Amino acid sequence: MASHAERRPLAFASVLRAAQQGDRDAQAEIFRAYRDQVARQILRMTGEPSCVDDLLQEVFIAALLALPSFRGDAQLGTWLHTITSNKVRNWWESSRRRRRREDEGGAIALTEPLNPEDDLTVSRGCDAFYDALAALSPELRDAFVARAVEGLSLVEASKLLGAPISTVSYRTRRAEQLLCAALGLPWPGERR
Amino acid sequence: MSRPDRDDPLESPELRRLIQGMRARQPLPVVKVTADQIYARWSDRREQRRRRVRRALAGVAAAAVIILGVARAERSVFSDSTIAPSAPARQLVAGADAPGLDAHAAPLEITPQQDPTPPAPPLDRDIHLSPRGPGVPAPEVLAARVLRLGVGAYLIDHDGAPLRVHTVDGELELHAGVYVVAVAADRTEIQIERGAATWIAGGPASASAAARPLKPAASPAELARIAEAHLTAGRREQAARALRRLLLTYPDAEESQRGLLDLARLHRTLGEPDEARCAYQLYLDRHPKAPLRGEVTAALDRLGPGPTCRGLRPR
């Protein structure tokens, strides 16, 4: 998660200080340094390119408002990751989104085998996957997204979600089970 | 079944392949937002936030007066003590259990003085006096219960013998209670949260102005409506304050019976079990034959043991 900015800690520390004091150029530099990282995270978590801009704005505005209280206990990238995760969580919970998903009839089972080399299959699988993800409870979805989509370790996910490691682990597995069922994928336990 | 990575959370190879394929093929999102847009919206939000803070700060002083007043009123209500007007007074200025201070006369133009007051004998310990606002000079203490106020506004709260206060208009006697005394260059105004004030020497040129009654006490129904409105808007702290005012001002009103339960629930919601317990306890004490007695007792049991209560306050 280390960004270009964080590879130059000394220079960046002064930029950060200036941004904390409301310096416009410094804030712009931070935005440019982390824009792509945050945008990618949003897209990975939502699968919805059309919402990236809105959420990106929300994330950076929230971050800049809270920046004066950022004490550097974590790297700025990690801090932004947490803010982004929270914003995306709110986005999932928004009624507009939920209604739209419900109107679309929920998850669609995959009818053909998944082939990562095949763009079309992956694209359809992607839609079905995010539909199925939207149908999960927030707790299961958060755990699954953190672990399987974002690739966080159990410890990182536990810290991010404020839940014990064992709970995160259980929720991830349960979410996977439900996703497999919704997507028509065989669950390993059933094959044994 | 082997898993490719020790920390890989996925057991389903198909799902893993799908997510990996999505990651690999997910394009870099096209970001249209610019740093300038972020800056503009951040500036707006920051300004909104500052406005909110300014409004909140402006309300803090008034809230402090109300809270102090409520605490004092509570003490007097639940200890059955009464406020006894003292000695003969030349001119009774006002006296009330007024719940609010906001409907008072036009604001005074106050020019804070900068000159410090010399060291003085200590005030009696029951007297709590604080200048309101920056630049208001500390009062001059002439004796244990005698003060001289400079130009500015002062919150005065005491519960002992009458306090004598010298102002530009003359000498004022404040009986046990809570007051805001605002002294301008040419006149003095008194807001009485609780108690009674008397001019014992001098007095304002326009007696009628100084004797203008404060905002009349809101009726129980009004206070209940105010609390309800705060509750509906999710302003729990304000709702709790309105309910406390209702309960203290009109302990026997019909609205107060329901108000006690509302207050108990509010305290529970606010994570204040001791206060909730006191509200429930007071309900049982005040309304021993209430039909909801069983439910209230059950709620008390659920809250478990806690400190004893003095009225609505845990000791």
### Query
From the set of residues in region B:127-147 that are in contact with an Asp or Glu (Cβ under 8 Å, 6 or more places away or on another chain) and crowded, with 17+ Cβ neighbours inside 10 Å, which is nearest to B:Gly160 (Cα to Cα)?
B:Ile127
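Within region B:19-64, count every residue that is in a loop (DSSP other than H, G, I, E, B) and of a type in the set (D, E, K, R).
Of the residues in that region, 1 qualify.
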### Query
Does at least one position in region A:57-66 carry a residue that is facing chain B (nearest Cβ under 8 Å), modelled with pLDDT of 90 or more, under 23 Å from A:Ala148 (Cα atoms) and assigned to a helix (DSSP H, G or I)?
no
### Query
Quick one: in region B:118-166, which of the residues that are assigned to a loop (DSSP other than H, G, I, E, B) and of a type in the set (D, E, K, R) is modelled with the lowest pLDDT?
B:Asp159
### Query
Can you name the residue in region A:165-192 that is within 22 Å of A:Thr82 (Cα to Cα) and open to solvent by less than 80 Å² (accessible area, probe 1.4 Å) and, of all such residues, is nearest to the other protein chains (Cβ to nearest Cβ)?
A:Thr172
### Query
Within region B:218-230, is there a residue that is touching a residue at least 24 places away in the same chain (Cβ under 8 Å) and open to solvent by 50 Å² or more (accessible area, probe 1.4 Å)?
no
### Query
What pairs can you find where one residue is in region A:143-169 and not assigned by TED's automatic domain parsing to the domain that holds A:Leu43, the other is of a type in the set (Lys, Arg), and their Cβ atoms are less than 6 Å apart, with a gap of 6+ or different chains?
A:Ala143/A:Arg171; A:Val149/A:Arg44; A:Ala157/A:Arg147
### Query
Can you tell which of A:Asn90, A:Asn115 is out of contact with any Pro (no Cβ under 8 Å at 6 or more places or on another chain) and at pLDDT 80 or above?
A:Asn90
### Message
What's the total number of residues in region A:47-76 that are over 21 Å from B:Pro27 (Cα atoms) and surrounded by fewer than 17 Cβ atoms within 10 Å (Cβ to Cβ)?
### Response
10
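Here are some residues: B:Arg265, B:Arg277. Which one is touching a helix residue (DSSP H, G or I) at 6+ places or on another chain (Cβ under 9 Å) and within 17 Å of B:Arg241 (Cβ to Cβ)?
Answer to the check: B:Arg265.
Sort out which residues of region B:174-187 are out of contact with any Leu (no Cβ under 7 Å at 6 or more places or on another chain) and of a type outside the set (Lys, Arg), and write them in order of number.
Let us first name the residues in region B:174-187 that are out of contact with any Leu (no Cβ under 7 Å at 6 or more places or on another chain), namely B:175-177, B:179, B:185-187.
Across region B:174-187, the qualifying residues are B:His175, B:Ala176, B:Gly177, B:Tyr179, B:Ala185, B:Asp186.
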### Message
I'd like the residue in region B:9-43 that is of a type in the set (Val, Ile, Thr) and either within 7 Å of another protein chain (Cβ to nearest Cβ) or open to solvent by less than 40 Å² (accessible area, probe 1.4 Å) (or both) and, out of all such residues, is nearest to the chain's Cα centre (by Cα).
### Response
B:Ile38
### Task
Considering only region A:8-46, state which residues are within 19 Å of the chain's Cα centre (by Cα) and open to solvent by less than 50 Å² (accessible area, probe 1.4 Å).
A:Phe31, A:Ala33, A:Tyr34, A:Gln37, A:Val38, A:Ala39, A:Gln41, A:Ile42, A:Leu43, A:Met45, A:Thr46
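The values are calculated or read from the model by the stated rules, or taken from the named source; none is laboratory data. Owing to the predicted nature of the structure, the values given are computational and were not obtained by experimental measurement. Counting neighbours? That spans all protein chains shown, and the Cβs are built from the backbone with ideal geometry, glycine included. Areas reflect the complete protein model, heavy atoms only, side chains present, ligands, DNA and RNA absent. Shrake-Rupley method; radii C 1.70, N 1.55, O 1.52, S 1.80 Å.
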